[in-house]
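*Asks:* One structure coming up, written as structure tokens, with questions to follow.
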Amino acid sequence: MATLWPSIEPLLDGVSKPARYIGGEQGATVPVHVPGKVGWLLVYPDTYEIGLPNQGLQILCELLNERHDALAERSYAPWVDMEEAMRSAGVPLFSVENHLPAREFDILAFNLSAELVYTNVLNLIDLAGLAVRADERSADDPLILAGGHCAFNPEPLADFIDAFVLGDGEEAVGEINEVVRDWLAEGPGRSRPALLEGLAALEGVYVPSLYEVAYDGARIASVRPRSPAAPELVVKRTIGDLAEWPYPKRQLVPLTEVVHDRLNVEVFRGCTRGCRFCQAGMITRPVRERPAAQVRSMIRSGLERTGYDEVALTSLSTADFSSIEETVGAVVGGECGDRQVSVSLPSLRVDAFTVATATQIAHARRTGLTFAPEGGTWRMRSVINKLITEEDLYGAVDAAFSNGWRRVKLYFLIGLPTERDEDVLGIAELARRCVEVGRRHHRSPTVVASVGGFVPKPHTPFQWFAQDTAPELRRKINLLKDACRGVRGVSLRWHDPAASVAEGLASRGDRRMGAVIERVWRAGGTFQEWSECFELGRWEEALAAEGLSLEELAHRERAEDEILPWEHLSAGLHKDFLWNDWQDALAQVSVEDCRWTPCYDCGACTDAGLEHVVASTTPPAGGSQGTGQDLSVGDRVPVHLVTTSGAR
Amino acid sequence: MAERLRFRFTKLGKIRFTSQRDVARMWERALRRSGLEIALSQGFNPRPLLAFGLALPTGAESLAEYLDATLSAVPPSDLAEFAGSLGALLPEGLEVSAVGVLPDAAGSLQQEVTSCSWELEVLGVTASDLATRVGRLLDAPSVSVRRERKGRTFDDDLRPSVRSLGLIDPARGADPARSPSCWLRAETATRPRGVRPRELVEALGTDVVLARARRTQQWIEHDGTRREPLPVGGHVAAVTAPHAVERAS
């Protein structure tokens, strides 16, 4: 296979950020293509700087390249200027390692982290020189797979993708490789349907073309397998023990700036806090912690190998990691290398421990601190089960400002179930009072209130909810704008409500959304996650052309007995658990974290024969949410951290 | 006073598409891994004290990039060995070709470097046509170029910054894959304002296309004599990398 580099290089002088296309990351494997190895191209359907740090893609890339019968390279969506240059020069989608054409791989596997990238997926299949619709591709074309969180409702992409993988990919990727390897070995004349049936037999693999969806008017009447190879219910994959998967072992260090440009070490997977709006927390259960000793050794070897001066301990709620104290202490205390290193904890929960920790760890780089109360009033937070008290928040903010921060960011959602205007206005009130807390320590503290429109997601208790319309979201933003006007120190930011609506369409859509996505793509609608490229008008026109409406697909409350488009796919959660939790939400009844309280029988553990893997039977210090604890703030929290010498 | 090390290094091959900031980050990571103790800046957000001098445009190659690092400890005793060990820590295309301890009196690269030499591969014109245009540019009293600064456009005169410009022997190194190409050699001053290779080539006509730019030297001119920022001899531990060019391109 010949590299496309000589054709790519002349294009790079005329495009923005050309380093996106050169590869060369430290830690990257540049595989040798030999017969007998299944060639995978792992594609992230957004820009290089967004996609490169994606840990899931890096983990799978390493696992495949470790196999004797597989190889993997990576590709990212070229920005619009590069795409134009490629199309006019006749250069197809390429890998960044060997700069090989995408269609020379056996498999193109897409990472679906967000719904608004769907049009990019089509664009990239097309840029690879392939037909976007699966039924128009032949047995000689690459197999097209997709995985990631959005695969839990893959129906909007059912027309385009050959097979989806639900859940953790570590084990599934090897099993898929074996099926494809054996199928390729059959030589010319092998049949694509046989391959698809072979894949459908694998646990956690969903082959949409093997299912027939029948409609009754606008509603789904039934979803039935067409083939005995296809199971009635596809259940997600779950790896039982994270300790068996210490990946990535060679995290990529890019040559150019990307998001999350630091060492990332995953400390646990899954979350049982039970925030009802959070799809990630629902679909990744149960909690599986990495042993603290392994975390430390991954940090030590990672820092040594990469030269980074920052490590992020990643998870859905890192302050819940039962070994968080000893881990942070080990890093700042120099046990993981002799350099001064800062630790960042993404997804901060508002509680005293987090701030006490942050105080110690942010000595090297003090940017902003972000907390996510999500709701403006206690009533609202009870509905969404984000049980943060105002005292928690003010305590956290006080600790932050008293420790030198001058700017605190608060994340909120609007458009939540049962929301009233007073809940929306509560956001402005919370922000204002946080500024007051800050004035005890500084003359001009800043509190940024960042407001996003809520998008109901599949496999959550809010999957039945009627999403707010864009005008209604705008009205609420205007309420907030008025309430924040003239309030010193409060700065309001908001996400485009129209983009939330489009995300909602793609998130809960059924197979009829496929034609809509194709129309939006054909009309030039790529990079819909990027505000400069997004236009809701394109989506509305495409819906109208397909005889569909926003009202029906996004703004309608679903009924209890309605067949949801993803009902034949399971994240391990019982439907009656989700429904009961939805009813509890409407009644403002909250639930506790099941790591430390009795089981609510959601199904994630019991049906899969799994258990939470936590090193500690008691919750970590701090935090009131669901732990039944009511801890005080600041230095009375039972946390001891070692400060590095010279830390400020 | 804290000691300073000056490195000379290349930027060749695919890595030419990274930016100056990107190169700074690559160096920060490599030096951290090397264990060399770099002094940190004071203030709210301490950074390692590294100074790169004259920025290289993204897309251009170089045989002569420089970096000054302020140390917080004594320099390694065997500089040549230390510089050699950096090779494994820097990405392909960045290669240290010399290192030396700076005398206390030495100024910063930003202050001292007065000009640099370039080799420019251009497409779209014949050698004889190009020679005529070069002559015309050199004879002109001023050469106007439109620039954008802080959102406003200005007309700058780039002629005073063009120290010399001429064709390199046409028989040399033309890439047959993108014929016909010609090579220019230029020396451009850093003051009053630097000249980007692209601007210089565009001043030869809109039909001339810059295919590749390679900085070959940087110069410090003082009292009429010209020298490179890292003088050979004295404290300098020269590290030879004779194959760097071939390997990276």
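*Asks:* For residues in region A:64-84 being open to solvent by 20 Å² or more (accessible area, probe 1.4 Å) and in contact (Cβ under 8 Å) with a residue 40 or more places away in the chain, which is nearest to A:Ile8 (Cα to Cα)? Outline the logic, then answer.
*Replies:* Taking region A:64-84 as the starting set, the residues that turn out to be open to solvent by 20 Å² or more (accessible area, probe 1.4 Å) are A:65-68, A:79-81, A:83-84.
Narrowing the set further to residues that are in contact (Cβ under 8 Å) with a residue 40 or more places away in the chain leaves A:67, A:79-81, A:83.
Values: A:Arg67: 30, A:Trp79: 14, A:Val80: 15, A:Asp81: 13, A:Glu83: 11 Å.
Among residues in region A:64-84 that are open to solvent by 20 Å² or more (accessible area, probe 1.4 Å) and in contact (Cβ under 8 Å) with a residue 40 or more places away in the chain, the one nearest to A:Ile8 (Cα to Cα) is A:Glu83.
*Asks:* Here is a check on your reading of the model: is A:Leu93 open to solvent by less than 20 Å² (accessible area, probe 1.4 Å), assigned by TED's automatic domain parsing to the domain that holds A:Asn177 and in contact (Cβ under 8 Å) with a residue 60 or more places away in the chain? Give the steps one after another, and end with the answer.
*Replies:* Numbers: open to solvent by less than 20 Å² (accessible area, probe 1.4 Å): yes; assigned by TED's automatic domain parsing to the domain that holds A:Asn177: yes; in contact (Cβ under 8 Å) with a residue 60 or more places away in the chain: no.
No: the conditions fail for A:Leu93.
*Asks:* Give region A:223-240 a look and list any residue that's assigned to a loop (DSSP other than H, G, I, E, B), open to solvent by 60 Å² or more (accessible area, probe 1.4 Å) and out of contact with any helix residue (DSSP H, G or I) (no Cβ under 8 Å at 6 or more places or on another chain), or say none.
*Replies:* So the first thing to find is which residues in region A:223-240 are assigned to a loop (DSSP other than H, G, I, E, B), and the list is A:226-233, A:236, A:238-240.
Those left that are additionally open to solvent by 60 Å² or more (accessible area, probe 1.4 Å): A:226, A:228, A:232-233.
If the condition is that a residue be assigned to a loop (DSSP other than H, G, I, E, B), open to solvent by 60 Å² or more (accessible area, probe 1.4 Å) and out of contact with any helix residue (DSSP H, G or I) (no Cβ under 8 Å at 6 or more places or on another chain), then A:Pro228, A:Glu232, A:Leu233 are the ones that fit.
*Asks:* Restricting to region A:428-461, and then to whatever is part of a helix (DSSP H, G or I) and within 28 Å of A:Val591 (Cβ to Cβ), can you tell me which residue is nearest to the chain's Cα centre (by Cα)?
*Replies:* Taking region A:428-461 as the starting set, the residues that turn out to be part of a helix (DSSP H, G or I) are A:428-439, A:461.
Then keep just the ones that are within 28 Å of A:Val591 (Cβ to Cβ); that gives A:429-431, A:433-434, A:461.
Working: A:Glu429: 30, A:Leu430: 28, A:Ala431: 27, A:Arg433: 32, A:Cys434: 29, A:Pro461: 18 Å.
Out of the qualifying residues, it is A:Pro461.
*Asks:* Can you pull out the residues in region A:281-309 that are open to solvent by less than 20 Å² (accessible area, probe 1.4 Å) and either closer than 18 Å to A:Ser344 by Cβ or part of a helix (DSSP H, G or I) (or both)?
*Replies:* A:Gly281, A:Met282, A:Ile283, A:Arg290, A:Ala292, A:Val295, A:Ile299, A:Gly302, A:Leu303, A:Thr306, A:Gly307, A:Tyr308
*Asks:* Let me ask something additional. Looking at region B:78-87, is at least one residue touching a helix residue (DSSP H, G or I) at 6+ places or on another chain (Cβ under 7 Å), buried (at least 18 other Cβ atoms within 10 Å of the Cβ) and under 24 Å from B:Lys14 (Cα atoms)?
*Replies:* First, pick out the residues of region B:78-87 that are touching a helix residue (DSSP H, G or I) at 6+ places or on another chain (Cβ under 7 Å): B:85-86.
Then keep just the ones that are buried (at least 18 other Cβ atoms within 10 Å of the Cβ); that gives B:86.
Subsequent filtering for residues that are under 24 Å from B:Lys14 (Cα atoms) retains B:86.
Yes, the conditions are met somewhere in region B:78-87.
*Asks:* A further question follows. Here is a check on your reading of the model: is A:Gly198 within 30 Å of A:Asp468 (Cβ to Cβ) and either open to solvent by 20 Å² or more (accessible area, probe 1.4 Å) or in the same structural domain as A:Arg296 (by TED's automatic domain parsing) (or both)?
*Replies:* Working: within 30 Å of A:Asp468 (Cβ to Cβ): no; either open to solvent by 20 Å² or more (accessible area, probe 1.4 Å) or in the same structural domain as A:Arg296 (by TED's automatic domain parsing) (or both): yes.
In short, no.
*Asks:* Okay, next question. Taking only pairs six or more apart or across chains, which ones have beta-carbon atoms under 9 Å, a first residue in region A:573-593 that is open to solvent by 20 Å² or more (accessible area, probe 1.4 Å) and assigned to a helix (DSSP H, G or I), and a second residue that is of a type in the set (A, V, I, L, M, F, W, C) and modelled with pLDDT under 95?
*Replies:* Every condition considered, the pairs that remain are A:Phe577/A:Cys602; A:Gln583/A:Val589; A:Asp584/A:Val591.
*Asks:* Please count how many residues of region A:101-159 are out of contact with any strand residue (DSSP E or B) (no Cβ under 6 Å at 6 or more places or on another chain), of a type in the set (A, V, I, L, M, F, W, C) and in a loop (DSSP other than H, G, I, E, B).
*Replies:* 7
Each row is one residue, and each column tells you yes or no for (1) more than 14 Å from chain A (Cβ to nearest Cβ); (2) under 26 Å from B:Gly35 (Cα atoms).
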position	(1), (2)
B:Thr58	no, no
B:Leu79	yes, yes
B:Leu89	no, yes
B:Leu120	no, no
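*Asks:* Ok, one more. Of the residues B:Gly107, B:Gly84, B:Gly100, which is more than 21 Å from A:Val253 (Cβ to Cβ), away from chain A (no Cβ under 12 Å) and touching a Lys or Arg at 6+ places or on another chain (Cβ under 6 Å)?
*Replies:* On the way: B:Gly107 fails: touching a Lys or Arg at 6+ places or on another chain (Cβ under 6 Å); B:Gly84 fails: touching a Lys or Arg at 6+ places or on another chain (Cβ under 6 Å).
On inspection, the qualifying residue turns out to be B:Gly100.
*Asks:* Still on this model: Within region A:241-253, take every residue that is of a type in the set (A, V, I, L, M) and outside any loop (DSSP other than H, G, I, E, B) and give me the one that is surrounded by the fewest Cβ atoms within 10 Å (Cβ to Cβ).
*Replies:* At the first step, the residues of region A:241-253 found to be of a type in the set (A, V, I, L, M) are A:242-243, A:252-253.
Right, trim to outside any loop (DSSP other than H, G, I, E, B) and you get A:242-243, A:253.
On the way: A:Leu242: 23, A:Ala243: 15, A:Val253: 23.
Result: A:Ala243.
*Asks:* Let me ask you something else. If we scan region B:39-52, do we find a residue that is surrounded by fewer than 16 Cβ atoms within 10 Å (Cβ to Cβ), within 21 Å of A:Pro254 (Cα to Cα) and either more than 9 Å from chain A (Cβ to nearest Cβ) or of a type in the set (Phe, Trp, Tyr) (or both)?
*Replies:* The answer is yes, given that some residue of region B:39-52 is surrounded by fewer than 16 Cβ atoms within 10 Å (Cβ to Cβ), within 21 Å of A:Pro254 (Cα to Cα) and either more than 9 Å from chain A (Cβ to nearest Cβ) or of a type in the set (Phe, Trp, Tyr) (or both).
*Asks:* Checking A:Pro31 against (1) out of contact with any Leu (no Cβ under 7 Å at 6 or more places or on another chain); (2) more than 14 Å from chain B (Cβ to nearest Cβ); (3) open to solvent by 10 Å² or more (accessible area, probe 1.4 Å), only one condition comes out false. Which one?
*Replies:* Here A:Pro31 clears every test but (1).
*Asks:* If the Cβ limit is 8 Å and pairs must be 6+ apart or interchain, which residue in region A:12-23 that is more than 7 Å from chain B (Cβ to nearest Cβ) pairs with which residue that is among the acidic types (Asp, Glu) and assigned to a helix (DSSP H, G or I)?
*Replies:* A:Gly14/A:Asp81; A:Val15/A:Asp81; A:Ser16/A:Asp81; A:Lys17/A:Glu49; A:Arg20/A:Glu49
*Asks:* Then there is this: Go through the residues of region B:16-32 one by one and say whether even a single one is under 17 Å from B:Trp118 (Cα atoms) and away from every other protein chain (no Cβ under 13 Å).
*Replies:* no
*Asks:* Name the helices (runs of 4 or more DSSP H) wholly within region A:462-533 that hold at least 1 residues that are of a type in the set (Ser, Thr, Tyr) and within 30 Å of A:Val223 (Cβ to Cβ)?
*Replies:* Working: elements: A:470-484, A:497-508, A:513-522.
It comes to A:497-508.
Matching residues to (1) of a type outside the set (Gly, Ala, Ser); (2) open to solvent by less than 30 Å² (accessible area, probe 1.4 Å); (3) under 21 Å from A:Arg485 (Cβ atoms):
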site	(1), (2), (3)
A:Thr370	yes, no, no
A:Trp378	yes, no, no
A:Ala399	no, yes, no
A:Arg406	yes, no, no
A:Lys409	yes, no, yes
A:Ala431	no, yes, yes
A:Gly438	no, yes, yes
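The values are calculated or read from the model by the stated rules, or taken from the named source; none is laboratory data. Predicted, not measured: the structure shown is a model, and the values here were computed from it. Don't worry about glycine lacking a Cβ; one is built from the backbone with ideal geometry, like all the others, and counts go over all protein chains shown. With ligands, DNA and RNA removed, areas are computed over all heavy atoms of the protein, side chains included. Shrake-Rupley method; radii C 1.70, N 1.55, O 1.52, S 1.80 Å.
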